Amino acid sequence: MPGASPSREQDGPLNLAARLGLYVMLAGLVLASFTLTPERSAPTIAAPKNDGQTEARIMHVSRGVIRGLREFERTEPIAKPSPTLSPTPEPNDTLSVEAVREPVPAAAIEPVVTVESLPAATAEPEPATTPEATPPPTPRPAPRPVVVVTNPTTLWAETHMLELMNASRLRAGLVPLAMDVAVANTARAHSSSEAHVRFVYHDGPDGTANSRDVSACGTGWYGENTGKIWNDNVDALHIEFINEPWEPINHRTNIMDPAFRRVGVGAVIGSDAMYMTMVFCR
């Protein structure tokens, strides 16, 4: 078409200029990216200031792009502007993510003391204690020997008690008991101890019946009766013994035991009554 040629000729230069402008703008952007990129520093957070700094950084980039377009239009070369760095805001310790502290001089750093660096504490030796000698056990005092005083009244009482016991045994068909002088002395010593404390007992201040009578009888078997007599009434004590019920061990059983063949009778007059002890032996 004859009318289309002029339009193509006119559009051709315009397209070329647009392309050159586009190239120049891209080159300016590349140049601005090299000249305006500051060195990266540690990220800091600063309080906002109303001094227009943020807008200034944006304007730097805008002026770089416009300046590149204008340089393309000019014919004379323009010296490249020296790269300018945007002002770095002063760090604020209170708002920074990582607070940058001033370096501490080595002399001011206190050495860290660890457990391994301390010298091992040596325990002070305890003074050797000498164990106290255990005192020997105090021996139990032996009972004081009892002084037995006989008189016609006590001798009559001892003989009369022997006659009453043998009469009861004869009525039961048992062998009569024989008086043992050595066993009688043991019985008199026990009656004297009872008169001293004013009560009758089998185990007391002068020991136990076992400790006294086993050695006196010499056979390992013994029986012991003891009681008080008032007004020389020996018959009342014997009747009291014989009236006891039959039991394995009591006063009546000792008198009527067929295994016993010997007896020692000891009587001592105390301050309140006459004390009489009978020791039966096999």
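The values are calculated or read from the model by the stated rules, or taken from the named source; none is laboratory data. Nothing here was measured: the structure is a model prediction, and the numbers come from that model. Here the Cβ is made from the backbone with ideal geometry for all residues, glycine too, and neighbour counts use every protein chain on show.
I'd like to check something: does segment 101-109 contain any residue that is within 30 Å of residue 277 (Cα to Cα) and either part of a helix (DSSP H, G or I) or at pLDDT below 65 (or both)?
For segment 101-109, residues within 30 Å of residue 277 (Cα to Cα) and either part of a helix (DSSP H, G or I) or at pLDDT below 65 (or both): absent.
Scanning segment 160-175 for residues that are closer than 18 Å to residue 235 by Cα, touching a residue at least 40 places away in the same chain (Cβ under 8 Å) and either in a loop (DSSP other than H, G, I, E, B) or among the charged types (D, E, K, R) (or both) yields one hit, 169. Listed by first and then second residue, the pairs with beta-carbon distance under 8 Å, at least 6 apart or on different chains, first residue in segment 179-191 and acidic (Asp, Glu), second modelled with pLDDT of 95 or more and crowded, with 23+ Cβ neighbours inside 10 Å, are 180/263; 180/264; 180/281. Taken over segment 248-265, the criterion of being farther than 17 Å from residue 226 by Cβ and small (Gly, Ala, Ser) is satisfied by 259 alone. Taking the listed residues 239, 229, 249, the one that is β-branched (Val, Ile, Thr) and within 17 Å of residue 184 (Cβ to Cβ) is 229, with no other qualifying.
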